1. Before we move on, is residue 306 buried (at least 19 other Cβ atoms within 10 Å of the Cβ), assigned by TED's automatic domain parsing to the domain that holds residue 208, modelled with pLDDT of 95 or more and touching a strand residue (DSSP E or B) at 6+ places or on another chain (Cβ under 7 Å)?
2. Tell me yes or no: at least one residue of the stretch 96-108 is at pLDDT 95 or above, assigned to a helix (DSSP H, G or I) and out of contact with any His (no Cβ under 6 Å at 6 or more places or on another chain).
3. In this structure, does residue 126 turn out to be among the basic types (Lys, Arg), surrounded by 22 or more Cβ atoms within 10 Å (Cβ to Cβ), assigned by TED's automatic domain parsing to the domain that holds residue 273 and modelled with pLDDT of 95 or more?
4. Looking only at the stretch 172-189, which residues are more than 16 Å from ligand 2 (Cβ to nearest atom), in contact with a helix residue (DSSP H, G or I) (Cβ under 8 Å, 6 or more places away or on another chain) and not aliphatic (A, V, I, L, M)?
5. For the stretch 288-338, what are the residues that are farther than 22 Å from residue 119 by Cα and within 16 Å of ligand 1 (Cβ to nearest atom)?
6. Given the criterion more than 20 Å from residue 217 (Cβ to Cβ) and free of Cβ contacts under 8 Å to residues at least 12 places away in the same chain, identify the matching residue among 298, 305, 311.
7. Taking the stretch 280-332 as the search range and keeping residues that are part of a helix (DSSP H, G or I) and within 14 Å of ligand 2 (Cβ to nearest atom), which one is farthest from residue 103 (Cα to Cα)?
8. Please find, within the stretch 261-278, the residue that is farthest from residue 299 (Cα to Cα) out of those that are more than 16 Å from ligand 1 (Cβ to nearest atom) and part of a helix (DSSP H, G or I).
Amino acid sequence: MIIVLKPTVSKDEIDHIIHKIESLGLKTTLSNGSERSIIGVIGDERKLAGQPLEAIDGVEKVMAVLKPYKMASREFHPDNTEVQVRGNVIGGKKLAIIAGPCTVETEDQTIKTARIVKEAGATILRGGAYKPRTSPYSFQGHGEDGLKILAAAREETGLAICTEVMDTRDVELVYKYTDILQVGTRNMQNFNLLLEVGKTDKPILLKRGLSSTIKEWLMSAEYIMSQGNKDVILCERGIRTFETSTRNTLDVTAVPVIKELSHLPIIIDPSHACGKRHYVGALAKSSIAVGCDGLLIEVHHNPEEALVDGEQSLTPEDFEKLMGELRQVAQAVGREVN
Ligand code: PEP
Ligand code: MN
């Protein structure tokens, strides 16, 4: 349920409403919108039966949230959410460019790539220390040693870090090193992991599942938010379709759909969507044109030698050139790229 407040509502009236609802055993979230403030009510609404909420001073109307995801819905929070991470805002006018290797290989490789992407305008470094590989015999990532390398790269460049956590048992450790915790495609419906990262106070980058609907994706965001963490960044990274010419099929439609249904920022990962370096630029440009809030792009200082996903990783030259093109597209749609 949402309680829409009158434009003239006072702070005392808001406090009174919140106190009244919480004393009945429900939780509230207050969002101060540009036009109206709204109190979202979470919990068993039967406890409010018979309460004439509309009679309380300051209340304009009381409405049911019809969507199964509540906190993630735009009804609940009409204004866009802006996620703050080490001086970056994700969901504002400026697009967040997250770039880096698929996986952390060595300190030299990671720092080299970090410098390259920073120089070209990225503000967040990505790189996996725990890798979700289809084969148990493929390189699985360096674990904590990889996290230490990412932290060293942050120290060296000032870039914020985004890295994946795959297991509830690793949340505490990954939290210690990273600025953004990434929940990967294969774990989008690992509900225990979602609950665990939801208890942290760092932003969560939630990738869309391989064959997940937008509704299922938003329900996963709701799992995270239900634990108190409201800083969820959605990431579309291509879905499974019948098409085999590309690794996956990028669903650009997800951007306007998410913008309508949710207030959460949405970024696009063109690298995992297509799986081929040659297509990454076209997808990145279309993603900005369609209104995404940022991009996650794989870059390697020497893709030929990359341990994972070399085929889709941009070279330093490709990335720098692409950033120039992205600036132009961003400008055309009223956005900015660093
Ligand atoms: C990744 O970003 O490193 C990754 C494994 O991506 P996805 O979960 O989208 O496959
Ligand atoms: Mn990858």
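1. The answer is no for residue 306.
2. Within the stretch 96-108, one or more residues are at pLDDT 95 or above, assigned to a helix (DSSP H, G or I) and out of contact with any His (no Cβ under 6 Å at 6 or more places or on another chain).
3. yes
4. 176, 177, 178, 179, 189 - these are the residues of the stretch 172-189 that are more than 16 Å from ligand 2 (Cβ to nearest atom), in contact with a helix residue (DSSP H, G or I) (Cβ under 8 Å, 6 or more places away or on another chain) and not aliphatic (A, V, I, L, M).
5. Listed by number, the residues that qualify are 292, 307, 308, 309, 311.
6. Working: 298 fails: free of Cβ contacts under 8 Å to residues at least 12 places away in the same chain; 311 fails: free of Cβ contacts under 8 Å to residues at least 12 places away in the same chain.
Going through 298, 305, 311 in turn, just one is more than 20 Å from residue 217 (Cβ to Cβ) and free of Cβ contacts under 8 Å to residues at least 12 places away in the same chain: 305.
7. 280
8. 261
The values are calculated or read from the model by the stated rules, or taken from the named source; none is laboratory data. None of the values given here were measured: they were computed from a predicted structure. Positions of Cβ are backbone-derived with ideal geometry, glycine not excepted, and every protein chain shown enters the neighbour counts.
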